[in-house]
Amino acid sequence: PFLLRLSVAITFLIEIPATIFLLAPFATVRRFGAVLQLLLQTMIMLTGNYNFFNLLTIALCFPCIEKDAGGTIFGIVKKHASNSNMQRFMTALQHV
């Protein structure tokens, strides 16, 4: 029973207060919250429960781990629209 109570306490600690870390304005705090969520979801997946929802939660944690808003994640470069295309789009919107 002790291990069961400990796992429930850790789950509540991660799911309730540590989830707020994902909304923090500081990248380090967001990453810490995302790592906690990733660990929790991985542990739940290892028990064989709710795998699809765990994968969805893990996918939602990736933006929190991201290095910066326009940067890379795990070394994979993201492709963004060029600034000139964005500027033309914004100019077009202003003339409408």
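Taking 7 Å steps out from each Cα toward its Cβ at Ala59 and Thr11 produces label points 2.4 nm apart. Residues Phe62, Phe12, sorted by accessible area with the largest first, give Phe12, Phe62 [1.4 Å probe; ligands and nucleic acids excluded]. Our coupling estimate for the stretch 49-56, obtained by passing each phi through the Karplus curve with A = 6.51, B = -1.76, C = 1.60 and θ = phi - 60°, is 10, 6, 4, 5, 5, 5, 5, 5 Hz, Gly and Pro reported as x. Rounded if a/c is under 1.5, else prolate if a/b beats b/c, else oblate: with a ≥ b ≥ c from the C-alpha gyration tensor eigenvalues square-rooted, which is the stretch 1-71? Oblate is the answer for the stretch 1-71, as a/c is 1.5 or above yet b/c matches or exceeds a/b.
Summing Lys and Arg as +1 and Asp and Glu as -1 over all other residues whose Cβ lies under 13 Å from the Cβ of Leu39 gives a net charge of 0. Net charge in the neighbourhood of Ala24 (other residues with Cβ under 11 Å of its Cβ; Lys, Arg +1, Asp, Glu -1) is +2. Remark: the stretch 1-48 carries 74 Å² of accessible area per residue (probe radius 1.4 Å; ligands, DNA and RNA excluded).
The values are calculated or read from the model by the stated rules, or taken from the named source; none is laboratory data. Bear in mind the structure is a predicted one, so any value in this text is a computation, not a measurement. Every residue, glycine among them, receives a Cβ derived from its backbone with ideal geometry; neighbour counts consider all protein chains shown. The area values use the complete protein model at the heavy-atom level, side chains included, leaving out ligands, DNA and RNA. Shrake-Rupley method; radii C 1.70, N 1.55, O 1.52, S 1.80 Å.
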